[in-house]
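First up is the structure itself, then whatever we jot down about it.
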Amino acid sequence: MSITSSIPIIRPDDTNATPVVVSHPGDALTRRQRLVYVIVLGALTALGPFTIDLYLPAFPALQDDLGVSASAVQLTLTGTMIGFGLGQLIVGPWSDKVGRKLPLILSTLLHIAASVGVVFAPDITWLLVFRLLQGFGAAAGGVVAMAMVRDLFGGKPLVRMLSRLALVNGLAPVLAPVIGSQLLGIMDWRGVFWVLGAYGLVVVLAVALFIVETLPASNRHVAGHSTMRDRYRALFRDRVYLGAAIVGGMTFTGLFGYLSTSSFLFQEVYAFSAQEYGLLFAVNSVGVVIGVQTSSRLMRGPVPPQWILAATTFVHLAMAATIMALDSAGAGFWGTAIPLWFYILACGFGFPAVQVLGLAHHGAEAGTAASLLGAMNFGLAGVISPLIGLLGVGSAVPMAFVQVLAAVVAIAALWLLVRPWSVPPLTD
């Protein structure tokens, strides 16, 4: 069943209505139908970040239990990120070819199996293997959810729906450690992965019961976009898309630098308990919420997404440099926490702007476009953030140094590739 066969074009409560002319299938969705899609697709989008970040507060416990170094524990996080990035590169184009539901269900089943594998992993090597597979299986959630939204909407309605997913996508990485820290109060670190497996099962059931196919067979062979080569050619020839992808990747790299370091930085350097660490994440999550919601409202009004990114990339550079300066001057916890909150706020502003710039003009290859955006986010973060572990986590300086580098690259991509003044406006 396709979405075009399931969405009424005449409102059922209007017996005298004439057919509604819609530019995109989602324009005819009722408010209740849109709410269902926001909830289920939001749950899909959150699966990846929760898979990556839910066990962050367990790093010290995992290190003690397996008798390994902190860098070895961080490597399991890197493996998950790489699996997530590679999975998106495969699942996105696959969903453009065969439809959205089949890749989504099969990938999530792999995630569930890998979660169980992690629970019974006897050592760090097997833990790394299953974490990589877990990341690969979780990849479908975010990329297929964005592709489904692009199947349904365009123009400023697309901004509204993507802003909902961006809120989840930006909030989940900072809420996951909060939830993880509370779970550790009632279970050991392996229990966290039972929770992840159960969450994956709930997602599969929700997709089977509430989501219909949004990419009809007739739309899977658009002229000039029918093969993977055609789809990637269309993306790599679009400098705006490439620039947005790099900006998004660098934004997530900076955020992930914080996520991968924070457990050691705040619990060991600043002597936080697991619960205090979770509370810190809750405070930071407010910044993401404010950023995503404000950004989406601005984009629906007078401010185009590229100019939002012009502001956020500058804030990232300024706040990361401030952290380095204050930490080197001995300012302590508050010298890190305050500019870090504004750094995370800017991440919230940037997430929906990157998605809108990347997907607005690529409806014919939405799955591939979403997959490359996601792969850039998680792949670059997974490759770059281990630099922090090599530099050490005895202070906030290594984290901020990587964030400064990421901001410089993002600024260069924005002004050299996107060229904000040249981007065509969004349609209503």
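Here is how the numbers come out for the structure above:
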quantity	calculated
Local net charge near Val212, Cβ-Cβ under 10 Å (Lys/Arg +1, Asp/Glu -1)	+1
Pairwise centroid distance, computed over Cα atoms, of region 300-336 with region 119-145, Å	32
Amide hydrogen neighbours beyond the local backbone of Ser395, cut-off 5 Å, H modeled	none
Amide H contacts of Glu213 (H built 1.01 Å from N, under 5 Å, at least 5 apart or other chain)	Ile3
Using a Förster distance of 35 Å, the FRET efficiency for Ala206-His361 (Cβ separation, nearest 0.05)	0.70
Paramagnetic reach from Trp421 in region 333-363 [backbone N under 14 Å; point 7 Å along Cα→Cβ]	none
Charge context of Tyr277, other residues only, Cβ under 15 angstrom, K/R +1, D/E -1	-3
Packing-based order for 203-210, 189-196, using average beta carbon neighbours within 10 Å, highest first	189-196, 203-210
Packing rank of 281-292, 408-419, where each peptide gets the mean count of other beta carbons within 10 Å, highest leading	281-292, 408-419
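The numbers here are math on the coordinates, done by the rules we state, and not lab data. Every value quoted in this text rests on a predicted model; they were computed, and no experiment measured them. Heads up, the Cβs are rebuilt from the backbone with ideal geometry, glycines too, and the neighbour counts pull from every protein chain shown.
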